[in-house]
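S.K.: Next up is a structure, given as structure tokens.
The values are calculated or read from the model by the stated rules, or taken from the named source; none is laboratory data. Bear in mind that the values here come from a model prediction, so they are computed numbers and not experimental data. Here the Cβ positions follow ideal geometry from the backbone for every residue, glycine too, while neighbour counts run over all protein chains shown.
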């Protein structure tokens, strides 16, 4: 039995893609979708890597889903599982590697401004609709995981009108107390970040292993060649603390339809703040799903049965609003 497990681990560790050895374009064809890769230049001159996952050419898209990944992640590894699933159900999905993440420009995992990241995403999402007349009259939804959920809320505050709703998966409206630095460390970090913002010295555990439940999937997630494995940078941590405090104070200003999904066992972002978002948000069209015993990585790191439950909850919510 141990030998079989060792052989499986060796096989997993040799995968060039999270699904195995099948080339990307061939895999997309097998899944009945189309995939594209491109680059987007922001107003501040950054070149950011982008992807799309589109339904079969014979299918008219139901809606557009604009997707934002989390801290240290990217759109080319396990993140792809969700847009592939949604595009199989008729949704045209688009995503962008944030500054300093994946294939995009910028110092690895350095997020100097989450507000600027939100502007970058909004500009890219608007460009998709402007360049494609067939998309202009389709419903548009935001989708964000973890830090991406926080960015989706910032996009909503920047531009409330264009989006018909948001899917917020374990959104980083507040960093969980179990990984948030204790007083007086935040005050010290804030002071040091003024002088050394890019230093990767913040003493926090690797969030991947606190996010993914299934051991086999931990191996796969850890194999991501673009994953950031260093300690968080001073400026990034200070910025995330600032933004989560800001969003936490503005939960009552959220005024678009949304579904928020969170695991009760999440120790990275706080499910209680998702409950508070549900209570405080102004828009009456709001839904919350808190999954008993699930962790931070709801759409990959759980058992396949649990992932299917979450995916289908997302799909049902989107279909009801198309």
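S.K.: Just give me the residues in segment 288-305 being crowded, with 16+ Cβ neighbours inside 10 Å, without any contact (Cβ under 8 Å) to a residue 60 or more places away in the chain and farther than 26 Å from residue 246 by Cβ, in sequence order.
M.R.: Initial filter on segment 288-305 (crowded, with 16+ Cβ neighbours inside 10 Å): 288-291, 294-302.
Within this subset, residues satisfying the condition of being without any contact (Cβ under 8 Å) to a residue 60 or more places away in the chain are 288-291.
The one that is crowded, with 16+ Cβ neighbours inside 10 Å, without any contact (Cβ under 8 Å) to a residue 60 or more places away in the chain and farther than 26 Å from residue 246 by Cβ: 291.
S.K.: Which number in (1) modelled with pLDDT under 95; (2) within 25 Å of residue 55 (Cα to Cα); (3) in a loop (DSSP other than H, G, I, E, B) marks the one condition that residue 130 misses?
M.R.: (3)
S.K.: Residue 293 passes all but one of (1) under 19 Å from the mean Cα position of the chain (by Cα); (2) in a loop (DSSP other than H, G, I, E, B); (3) more than 26 Å from residue 63 (Cα to Cα); which number fails?
M.R.: Every listed condition holds for residue 293 apart from (1).
S.K.: Of everything in segment 182-210, what is part of a helix (DSSP H, G or I), within 20 Å of residue 146 (Cα to Cα) and touching a helix residue (DSSP H, G or I) at 6+ places or on another chain (Cβ under 8 Å)? Give them in sequence order.
M.R.: Those that are part of a helix (DSSP H, G or I), within 20 Å of residue 146 (Cα to Cα) and touching a helix residue (DSSP H, G or I) at 6+ places or on another chain (Cβ under 8 Å): 208, 209.
S.K.: Follow-up. Working only within segment 251-284, note down all residues that are over 24 Å from residue 300 (Cα atoms) and part of a loop (DSSP other than H, G, I, E, B).
M.R.: Selection gives 254, 255, 256, 257, 281, 282, 283, 284.
S.K.: Of all residues in segment 288-312, which are within 12 Å of residue 82 (Cα to Cα) and in contact with a strand residue (DSSP E or B) (Cβ under 7 Å, 6 or more places away or on another chain)?
M.R.: 298, 299, 310 - these are the residues of segment 288-312 that are within 12 Å of residue 82 (Cα to Cα) and in contact with a strand residue (DSSP E or B) (Cβ under 7 Å, 6 or more places away or on another chain).
S.K.: Give, as residue ranges, the strands (runs of 3 or more DSSP E) completely inside segment 14-123 that count at least 1 residues that are in contact with a strand residue (DSSP E or B) (Cβ under 8 Å, 6 or more places away or on another chain) and surrounded by fewer than 19 Cβ atoms within 10 Å (Cβ to Cβ).
M.R.: Details: elements: 33-41, 47-55, 63-68, 91-96.
Filter on segment 14-123 gives 33-41, 47-55.
S.K.: Sticking with this structure for a sec: Return the pair list, or none, for Cβ contacts closer than 7 Å from residues in segment 30-45 that are over 15 Å from residue 102 (Cβ atoms) to residues that are loosely packed, with under 12 Cβ neighbours inside 10 Å and at pLDDT below 95, at least 6 apart or on different chains.
M.R.: Pairs found: 34/57.
S.K.: Of all the residues that make up segment 110-140, how many are under 14 Å from the mean Cα position of the chain (by Cα) and in contact (Cβ under 8 Å) with a residue 60 or more places away in the chain?
M.R.: Filtering segment 110-140 down to residues under 14 Å from the mean Cα position of the chain (by Cα) leaves 114, 117-118, 121.
Within this subset, residues satisfying the condition of being in contact (Cβ under 8 Å) with a residue 60 or more places away in the chain are 114.
Total meeting the criteria: 1.
S.K.: Which members of segment 231-250 meet the condition of being surrounded by fewer than 19 Cβ atoms within 10 Å (Cβ to Cβ) and part of a helix (DSSP H, G or I)? Steps first, please.
M.R.: Pass one, segment 231-250, residues surrounded by fewer than 19 Cβ atoms within 10 Å (Cβ to Cβ): 231, 241-242, 245-246, 248-250.
Answer for segment 231-250, where residues must be surrounded by fewer than 19 Cβ atoms within 10 Å (Cβ to Cβ) and part of a helix (DSSP H, G or I): 241, 242, 245, 246, 248, 249.
S.K.: Modelled with pLDDT under 95, out of contact with any strand residue (DSSP E or B) (no Cβ under 7 Å at 6 or more places or on another chain) and either under 21 Å from residue 314 (Cα atoms) or surrounded by fewer than 21 Cβ atoms within 10 Å (Cβ to Cβ) (or both), is that true of residue 285?
M.R.: On the way: modelled with pLDDT under 95: no; out of contact with any strand residue (DSSP E or B) (no Cβ under 7 Å at 6 or more places or on another chain): yes; either under 21 Å from residue 314 (Cα atoms) or surrounded by fewer than 21 Cβ atoms within 10 Å (Cβ to Cβ) (or both): yes.
It is false that residue 285 is modelled with pLDDT under 95, out of contact with any strand residue (DSSP E or B) (no Cβ under 7 Å at 6 or more places or on another chain) and either under 21 Å from residue 314 (Cα atoms) or surrounded by fewer than 21 Cβ atoms within 10 Å (Cβ to Cβ) (or both).
S.K.: In addition: Can you name the residue in segment 141-161 that is surrounded by fewer than 16 Cβ atoms within 10 Å (Cβ to Cβ) and part of a loop (DSSP other than H, G, I, E, B) and is also farthest from the chain's Cα centre (by Cα) among such residues?
M.R.: Checked segment 141-161; the qualifying residue farthest from the chain's Cα centre (by Cα) is 161.
S.K.: Shifting gears a bit: Could you tell me which numbered condition residue 7 fails, if it satisfies all but one of (1) surrounded by fewer than 19 Cβ atoms within 10 Å (Cβ to Cβ); (2) modelled with pLDDT of 90 or more?
M.R.: (2)
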